[in-house]
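Asker: The structure under discussion is supplied below as structure tokens; questions concerning it will follow.
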Amino acid sequence: MVTLSELDRARLRWRARRGLLENDLIITRFLDRYELELTDADVSALSRLFEMGDNDLLDVLLARVEVSGDYDTPEIRRLVSLMQEQ
């Protein structure tokens, strides 16, 4: 496990800001709980997940649809599962 620096954590939180309040709430709760435990692979997977459009991301986080295509990786699936538990 790699500890994120203050700057890395700030960048991750900035990158996590979304256009939909629902996404912000889900992601913020996740980061509040798991931020200190994230590995480099987790941060990479989150960064990739944050490339998803807001409405598509909300559908995934609310389990309306499964991640698919380029987003369908074990790392992203694990993080989405953790976010859905929050």
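Asker: Return Thr28, Thr39 ranked ascending by Cβ neighbour count within 10 Å, so the fewest neighbours appear first.
Answerer: Going from sparsest to densest Cβ surroundings: Thr39, Thr28.
Asker: Once phi is turned into θ = phi - 60°, what whole-Hz ³J(HN,Hα) does the Karplus curve with 6.51, -1.76 and 1.60 give for every residue of the range 63-69, x standing for Gly and Pro?
Answerer: Going residue by residue, I get 6, 6, 9, 8, 4, 8, x Hz, with x marking Gly and Pro.
Asker: In addition: Using θ = phi - 60° and the Karplus relation 6.51 cos²θ - 1.76 cosθ + 1.60, list the HN-Hα couplings for the range 45-58 in order, rounded to whole Hz, with x at every Gly or Pro.
Answerer: 5, 4, 4, 5, 4, 5, 6, 5, x, 4, 5, 5, 5, 4
Asker: Tell me which label goes with the value of Kirkwood radius over Cα pairs in Å computed from the coordinates here: [x] 12.9; [y] 16.9; [z] 13.3.
Answerer: [x]
Asker: Let me ask you something else. Would you mind checking which residues have amide H under 5 Å from Arg18's amide H? H placed 1.01 Å from N; only 5 or more apart, or other chain.
Answerer: The list, which skips near neighbours in sequence, is Asp24.
Asker: Hey, rough spin-label estimate for Ser47 and Asp8, points 7 angstrom out along Cα→Cβ, what's it come to in nanometres?
Answerer: Distance between the two pseudo-spin positions: 1.1 nm.
Asker: Same structure, new question: Which residues make up the longest stretch of the chain that has no GluC sites (Glu not before Pro) in a DSSP loop with at most 12 other Cβ atoms within 10 Å?
Answerer: Looking at the chain, 1-50 is the longest stretch - no exposed GluC sites (Glu not before Pro) with at most 12 other Cβ atoms within 10 Å.
Since every read-out is calculated from the coordinates, none of them should be taken as a lab result. Just so it is clear, the model here is predicted, and its values are computed rather than measured. Note that each Cβ is placed from the backbone with ideal geometry, even for glycine, and that neighbours are counted across all protein chains shown.
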